[in-house]
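The values are calculated or read from the model by the stated rules, or taken from the named source; none is laboratory data. Everything quoted here is computed from the prediction, not taken from an experiment. For neighbour counting, all protein chains shown are included, and Cβ atoms are generated from backbone atoms with ideal geometry for every residue, glycine included. Only protein heavy atoms, including side chains, enter the accessible area calculation; ligands, DNA and RNA are left aside. Shrake-Rupley method; radii C 1.70, N 1.55, O 1.52, S 1.80 Å.
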Amino acid sequence: MEQPEEFGEGFDSFSTDAIHTGVDPMQWSHRAVVPPITLATTFQIAEPTRGARFYYSRGNNPNRSCLEECLAALEGAKSAYCFASGMAATMTATHLLTSGDNVLCSADVYGGVFRYFKYCAVKMGISTTFVDFLDLAKLEAALDCKPKMVWFEVVTNPTLKITDIEAVVAVVRKKVPDALICVDNTFLTPYLLRPLDLGVDIVMHSITKYMNGHSDVLMGSLATNDANIAQQIKFFQMALGAVPSPFDCFMVQRGLKTLAIRLREHCSNAKVVAEYLENHPLIDKVLYPGLASHSQYGLAKRILRDNGGMVSFYVKGSGEQTKTFLKNLKIISLGFSLGGYESLAELPCTMTHSMMTDEARDAIGITNTLVRLSVGLENPTDLSRDLDSALKTAIL
Ligand code: P1T
């Protein structure tokens, strides 16, 4: 939606778009305010061609189409495409490359993305170099491999470092102008940052997380402003077939309606919990971009609307005590994933990042006492009490 200038800076139509884009009741004969779930895998067509908007559900279906329109609006993109998971979106984006091409990937990424590039894409003849994207000199040197694709997270999983997206885009564009710059925006969502506005080519999401927000759908997305890239993504979406079901699209569209309001609460709760942990005697160090102690506090303040709902921290104890702490949490569940209304804690070294090599984990600060917390929408004082009690049980 256009942003009227007379309302000044800071005005935006994010929630209006999240609630209304893609779901115009006029598109349904019964004018349903909520999109009906269309389970049909095939559609009656007027001509024996592939020209119809809906002809076979892998190519397109009404629920996916509504959702893709809404996602594009939120991301500030001309087009968006949905996939069966975040990894399916990553795999499909990688099909834009050809055997023999290189990917330059940030060393600080979700373990599953590391695994995909290191062990799967390589089987298609696509090799990946991992480098520290916070060190711009190292990044510039690594660009000598002339990557066809550059991949990074703005707020990294799980160490919550901030990649200076504008600086990275400038370095890459200068040295390898035709490299596809892809950002995994899962930890932030377009409510906190819109990478396409800062010059990247593709934004990827694990929709499974905040975008859906209810821990009941697995989905991914790719969004772009480039018509040529969009056409290729659409081709591979249909040709590879890693697409989500109409029901899952319906669920995500429903989840998006409260994205802004949920994110505001996630951010505010995370700040309370981060500040509590920072003053806790059994915690060594807290990683949260909204704390003045974060090494990139200034950068976070400059580029993010708010600091997100993820808090990581090092327990002052042994690896075994850290495991005992996690098992003693009562309100917070020990589990994979993030971004749902319920708080989740995990141990990256043996869970989400266990597939990384020891050296790769060491290099980015994933130790056996690093805990990642997805702060949910519960009362943050209850969460702090839960953390305190589990820490005391495990360590004292
Ligand atoms: O799980 P899936 O929807 O396939 O998304 C993969 C993915 C991609 N990018 C990031 C930044 C992610 O965090 C994930 C999934 N992450 C977890 C399951 C996790 O617990 O971190």
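Annotations for the structure displayed:
- For the residues Leu256, Leu282, Leu277, the requirement of being over 23 Å from Ile331 (Cα atoms) and either surrounded by 22 or more Cβ atoms within 10 Å (Cβ to Cβ) or at pLDDT 95 or above (or both) singles out Leu256.
One line per residue, one yes/no per condition, for (1) touching a helix residue (DSSP H, G or I) at 6+ places or on another chain (Cβ under 8 Å); (2) buried (at least 22 other Cβ atoms within 10 Å of the Cβ); (3) acidic (Asp, Glu):
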| position | (1), (2), (3) |
| --- | --- |
| Gly298 | no, no, no |
| Asp306 | yes, no, yes |
| Gly319 | no, no, no |
| Thr324 | yes, no, no |
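- Neighbours by Cβ (under 7 Å, 6+ apart or cross-chain): first from the range 179-194, basic (Lys, Arg); second not in a loop (DSSP other than H, G, I, E, B): Arg194/Glu75
- Within the range 255-284, being touching a residue at least 24 places away in the same chain (Cβ under 8 Å), part of a helix (DSSP H, G or I) and more than 18 Å from Asn379 (Cβ to Cβ) holds for Gly255, Leu256, Leu259, Ala260.
- One residue stands out among those in the range 355-383 that are under 15 Å from Leu287 (Cβ atoms) and in a loop (DSSP other than H, G, I, E, B): the one that is nearest to the ligand (Cβ to nearest atom), which is Ile366.
Here's the yes/no breakdown for (1) outside any helix (DSSP H, G or I); (2) touching a residue at least 24 places away in the same chain (Cβ under 8 Å):
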position	(1), (2)
Leu222	yes, yes
Gln231	no, no
Phe236	no, yes
Ala239	no, no
Asp248	no, yes
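Table: residues versus (1) assigned to a loop (DSSP other than H, G, I, E, B); (2) within 18 Å of Phe247 (Cβ to Cβ); (3) modelled with pLDDT of 95 or more.
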| position | (1), (2), (3) |
| --- | --- |
| Glu2 | yes, no, no |
| Thr38 | yes, yes, yes |
| Asn63 | no, yes, yes |
| Ala72 | no, no, yes |
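- Scan of the range 83-115 for residues that are open to solvent by 20 Å² or more (accessible area, probe 1.4 Å), in a helix (DSSP H, G or I) and touching a strand residue (DSSP E or B) at 6+ places or on another chain (Cβ under 9 Å), ordered by number: Met87, Met91
- The lone criterion from (1) without any contact (Cβ under 8 Å) to a residue 24 or more places away in the chain; (2) part of a loop (DSSP other than H, G, I, E, B) left unmet by Met26 is number (2).
- Tally, over the range 338-354, of residues that are within 12 Å of the ligand (Cβ to nearest atom) and open to solvent by 40 Å² or more (accessible area, probe 1.4 Å): 1
- The listed residues are Ser374, Ser333, Ser354, Ser343, and the only one of them that is of a type in the set (Gly, Ala, Ser) and under 21 Å from Ser106 (Cα atoms) turns out to be Ser354.
- Val103 vs. criteria in contact (Cβ under 8 Å) with a residue 40 or more places away in the chain, touching a Pro at 6+ places or on another chain (Cβ under 7 Å) and within 16 Å of the ligand (Cβ to nearest atom): yes
- Which listed residue, of Leu287, Leu326, Leu299, Leu334, is without any contact (Cβ under 8 Å) to a residue 40 or more places away in the chain and touching a strand residue (DSSP E or B) at 6+ places or on another chain (Cβ under 7 Å): Leu334
- The range 37-55, subset in contact with a helix residue (DSSP H, G or I) (Cβ under 9 Å, 6 or more places away or on another chain) and closer than 18 Å to Gln231 by Cα, residue most open to solvent (accessible area, probe 1.4 Å): Arg53
- Taking helices (runs of 4 or more DSSP H) as the structural unit, those lying wholly within the range 116-205 and holding at least 2 residues that are surrounded by fewer than 19 Cβ atoms within 10 Å (Cβ to Cβ) correspond to 136-142, 165-175.
- Tally, over the range 107-125, of residues that are of a type in the set (Gly, Ala, Ser) and over 18 Å from Lys209 (Cα atoms): 3
Residues checked against (1) touching a Ser or Thr at 6+ places or on another chain (Cβ under 8 Å); (2) charged (D, E, K, R); (3) more than 14 Å from the ligand (Cβ to nearest atom); (4) closer than 30 Å to Phe14 by Cβ:
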{"site": "Lys123", "(1), (2), (3), (4)": "no, yes, yes, no"}
{"site": "Ala142", "(1), (2), (3), (4)": "yes, no, yes, no"}
{"site": "Pro195", "(1), (2), (3), (4)": "no, no, no, yes"}
{"site": "Thr208", "(1), (2), (3), (4)": "yes, no, no, yes"}
{"site": "Met219", "(1), (2), (3), (4)": "yes, no, no, yes"}
